[in-house]
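**Q** My structure is below; once you've seen it, I'll send some questions.
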Amino acid sequence: QSALTQPASMSGSPGQSITISCTGTSYDVGGYNYVSWYQQHPGKAPKLIIYDVTNRPSGASNRFSGSKSGNTASLTISGLQAEDEADYYCSSYTTTKSVIFGGGTTLTVL
Amino acid sequence: QAQLVESGGGVVQPGRSLRLSCAASGFTFSSFALYWVRQAPGKGLEWVTVISSDGNTKNYADSVKGRFAISRDNSKNTLYLQMNSLRPEDTAVYFCVRDQFCNGGSCYDGMDVWGQGTMVTVSS
């Protein structure tokens, strides 16, 4: 099964908002409300920032928000800050009872 | 607080075996589904396997099916990954991870607790 499709890189200026897309199929993203997003800084373990499409775990910034339409999920980061510079991964449950990740998006804060 | 600590990584020749362990603390280990997720150097995350809270349900990525085996000992709060017939493409940091709410049914509620990872290098 191929990875979910994310843009390889994105950039934005401090204070701006950006949206990272994550495209799958009806067998994963489109079939379940089990989409999660992770933030990973270099040399660190990933951190959960969105689960079940739209929910934020405790400790995650309220500047992160998630949504989904059809086979595409999205992560929006509002009010970009320097600390948001990191890699972002989406993931989804699948019909084969597995989890699939996106290829990752490297976010640069200009 | 909840913590996962992996061990057992190292350098191994192709075709050999390695067993990873993951010691858990700070939460009720037997209530949560657990995963192994790996990340090859400079690459993205790859889901490897999952085990239900009671250990009865397991699933594997096609890339490791038939070679890797996940298990858990709820009396010891420890998760394992037995890796056999290792290949160079298995070289990666292996993370032990907890599902936030799911106990291993048909669900996935996000991976909220991650270990620091253990490096596995498969090379001759």
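**Q** Is there a residue being buried (at least 20 other Cβ atoms within 10 Å of the Cβ), assigned to a loop (DSSP other than H, G, I, E, B) and in contact with a strand residue (DSSP E or B) (Cβ under 8 Å, 6 or more places away or on another chain) anywhere in segment B:30-50?
**A** Checked against the condition, which is being buried (at least 20 other Cβ atoms within 10 Å of the Cβ), assigned to a loop (DSSP other than H, G, I, E, B) and in contact with a strand residue (DSSP E or B) (Cβ under 8 Å, 6 or more places away or on another chain), segment B:30-50 yields at least one hit.
**Q** Count, please, the residues in segment B:109-124 that happen to be open to solvent by less than 30 Å² (accessible area, probe 1.4 Å) and touching a helix residue (DSSP H, G or I) at 6+ places or on another chain (Cβ under 8 Å).
**A** Summing the residues that are open to solvent by less than 30 Å² (accessible area, probe 1.4 Å) and touching a helix residue (DSSP H, G or I) at 6+ places or on another chain (Cβ under 8 Å) in segment B:109-124 gives 2.
**Q** If you check B:Leu18 against the conditions, is it touching a Cys at 6+ places or on another chain (Cβ under 6 Å), crowded, with 17+ Cβ neighbours inside 10 Å and hydrophobic (A, V, I, L, M, F, W, C)?
**A** Spelling it out, it is not the case that B:Leu18 is touching a Cys at 6+ places or on another chain (Cβ under 6 Å), crowded, with 17+ Cβ neighbours inside 10 Å and hydrophobic (A, V, I, L, M, F, W, C).
The values are calculated or read from the model by the stated rules, or taken from the named source; none is laboratory data. For clarity, every value in this text was computed on a predicted model and none was experimentally measured. No Cβ is skipped: glycine too gets one built from the backbone with ideal geometry, and neighbour counts run over all protein chains shown. Accessible surface areas use protein heavy atoms only, side chains included; no ligands, DNA or RNA. Shrake-Rupley method; radii C 1.70, N 1.55, O 1.52, S 1.80 Å.
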